[in-house]
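Below is one structure, written out as structure tokens; the observations come after it.
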Amino acid sequence: MPAAGKVTTPPSQGERRERRPAVLYDFLQGKELPMTQTLITLEGTAVIPGAEAEGDGLWVPLGELTQATGWKLEPEGACRGDVCVPLSGARAPEFVRPGALNVAALARQLDQPVVHDAPSASWVIGEAAQARSASMQSLEAPNFTLPDVEGRLHSLLDYRGRKVFLVSWASW
């Protein structure tokens, strides 16, 4: 981190600088601010202050956990609704440390794919394979809503039980 008042210049052509993760810095207070990580799930996107990426783990502060993910740390383990995942035993340090839960490890335990892009401090947690498999076996397409050429919105759900012919086109 450059010292206050120090001017840094961009690298000259041919010179390479080490790429470091972005650090928020409060110049008025003269201190670093907590890092944020962005988490994208099926439920939406959460920007989580104080979350830390360490290796393949996303450590979310317990104070941000429920709002960002819907999970709570209970005596039974990590719980969300009526689902609880036990986090005790030899593997407990992989999931829990004082004040934080490793959300990426929890997702992997539930067979959810996890992708991390370090330069953008972004994480994506996908749907579990079992859930994807169940929806594919039903042969029911997921609902979506799109406008027609006149701008009227149509949802696939409105046509359930009827045959639907979809035409798609892409310009690329």
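Checked against (1) touching a Leu at 6+ places or on another chain (Cβ under 8 Å); (2) within 15 Å of ALA105 (Cα to Cα), ALA68 meets all criteria but (2). Take LEU65 and tell me if it is touching a residue at least 24 places away in the same chain (Cβ under 8 Å) and under 16 Å from VAL115 (Cβ atoms). The answer is no for LEU65. The residue that is farthest from VAL60 (Cα to Cα), counting only those in the range 140-172 that are among the polar types (S, T, N, Q) and not in a loop (DSSP other than H, G, I, E, B), is SER155. For the range 53-78, a residue qualifies if it is surrounded by 14 or more Cβ atoms within 10 Å (Cβ to Cβ) and assigned to a loop (DSSP other than H, G, I, E, B), and exactly one does: TRP71. All conditions in (1) under 15 Å from ILE40 (Cα atoms); (2) surrounded by 14 or more Cβ atoms within 10 Å (Cβ to Cβ); (3) aliphatic (A, V, I, L, M) hold for LEU156, with the sole exception of (1).
When THR36 is tested against (1) of a type in the set (Val, Ile, Thr); (2) modelled with pLDDT of 90 or more; (3) surrounded by 14 or more Cβ atoms within 10 Å (Cβ to Cβ), just one condition goes unmet, and that condition is (2).
Remark: ALA121 matches the filter, which requires a residue to be under 16 Å from ALA51 (Cβ atoms), within 26 Å of the chain's Cα centre (by Cα) and surrounded by 13 or more Cβ atoms within 10 Å (Cβ to Cβ). When residues in the range 40-52 are screened for being assigned to a strand (DSSP E or B) and exposed (fewer than 14 other Cβ atoms within 10 Å of the Cβ), 3 of them pass.
The values are calculated or read from the model by the stated rules, or taken from the named source; none is laboratory data. As the structure is a computational prediction, the values presented were derived from the model and not from experiment. Neighbour counts run over all protein chains shown; Cβ positions are idealised from the backbone, glycine included.
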